[in-house]
1. Placing +1 at every Lys and Arg Cβ and -1 at every Asp and Glu Cβ, with all other atoms neutral, what dipole size does region 165-302 have around its Cα centre, in debye to the nearest 20?
2. Each label point is 7 Å from the Cα along the Cα-to-Cβ direction; what then is the distance between the points at Glu108 and Glu205, in nm?
3. So for each of 242-252, 105-115 I average, over its residues, the number of other beta carbons within 10 Å; can you give me the resulting order with the highest mean first?
4. Go through region 281-293 residue by residue and turn each phi into a ³J(HN,Hα) via Karplus (6.51, -1.76, 1.60, θ = phi - 60°); whole Hz please, and just put x for glycine and proline.
5. Can you compute 3J(HN,Hα) from phi for each residue in region 116-124, using the Karplus curve 6.51 cos²θ - 1.76 cosθ + 1.60 with θ = phi - 60°, rounded to whole Hz and x for Gly and Pro?
6. Largest first and in whole Å, what are the equivalent-ellipsoid semi-axes of region 192-281 based on the Cα gyration tensor, each being the root of 5 times an eigenvalue?
7. For region 187-257, what is the charge dipole size about the Cα centre, in debye to the nearest 20, if Lys and Arg each add +1 at the Cβ and Asp and Glu each add -1 at the Cβ?
8. For Phe139, which sequence-distant residues (separation of 5 or more, or a different chain) have an amide H within less than 5 Å of its own amide H, given hydrogens modelled in the peptide plane?
Amino acid sequence: MSADYNQLLDATIQHLEGLKSRGVRHVAVTPETLRALASPVRPAAAVSFKAATPAVAPRTFSAPAPAAPMAKPIAAPVIAAKPEIAPVAFIPPPPVADKAAAFAALRERALACVKCPNLAAARQHVVFGVGNIDAQLMFVGEAPGADGDAQGEPFVGAAGQLLTKIIQATGLSRAEVYIANILKCRPDMPGQASGNRKPTPAEMETCIPYLHEQIDLIRPKVLVALGGTAVEGLLHKTGIMKLRGQWHEYRGIPLMPTYHPAYLLRYQAMAEKRRVWEDMLQVMEKLGMPISEKQRNFFTKA
Ligand code: URA
């Protein structure tokens, strides 16, 4: 796909996300646009060109334009929709056959992203995400650290190793779940080689459409938000201490906020580790995973 196509798609998605975050729930679209949005995107390769007859030269055929990004510009938002204006419906994830391709296209767009020029200039890698795109369980963290930036994979440093242990303690492997971050680039640290900083609200708002699309494609049964930034990004709520351990919902998907593994490493308090494990037990229950006595009593029997 061309850079222009990607830019147009990104701009459209960002515009809609921006409207949504400002509380707009309807946009005015023409019936023609709606029809185009509802029709499947057909890649050029899938278009079957009949053998050209003498009367019709092959050049007169052109593959249908991809529906969504090429749709007519969206008119100004309206809060109270007129009867003839249909609300934008939730579009269910595409069938599995298209999912890998859609995911790959999304990844391609994210890897080429330069919407935050400072982050793009400082990064070694765009850290898109890792794991099973059919995962039932998806973890969302804050942003890549120095190790993740160097390796192009989320959660590979000390916090990542702890996350891997937590995942394995449930009986799953890292490869069976999906792991991503609110930000795909490491927050730059001007003048410093090491250290981390929290993403700015502007960086989060700019980057989060990629995560929304990842979640919409994966459609995990359960999301785990690791730490305050992940909760803020996905739920627009603050206060991880109060929010953790309770079920929330992100676009119809049960979401469990819990502490970030880096927090556990910083404080090393057994009580906090136990809380995270209790949150994970709730996640396992929600997923219908078997829970052994040993797992249940990890922190109750020393
Ligand atoms: N590494 C990540 O990928 N995300 C975090 O939130 C922390 C470390």
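Please treat every number below as a calculation from the coordinates, not as lab data. Every value quoted in this text rests on a predicted model; they were computed, and no experiment measured them. Don't worry about glycine lacking a Cβ; one is built from the backbone with ideal geometry, like all the others, and counts go over all protein chains shown.
1. 480
2. 3.0
3. Put in order of decreasing packing, that is 105-115, 242-252.
4. Once θ is set to phi - 60°, the couplings for region 281-293 become 4, 5, 5, 4, 4, 4, 7, x, 7, x, 10, 7, 4 Hz.
5. Result, ordered by residue: 10, x, 5, 6, 4, 6, 8, 6, 9 Hz.
6. Those come to 22, 20, 11 Å.
7. The calculation lands at about 340 debye.
8. Hits under the 5 Å cutoff: Tyr178, Ile179, Ala180, Val224.
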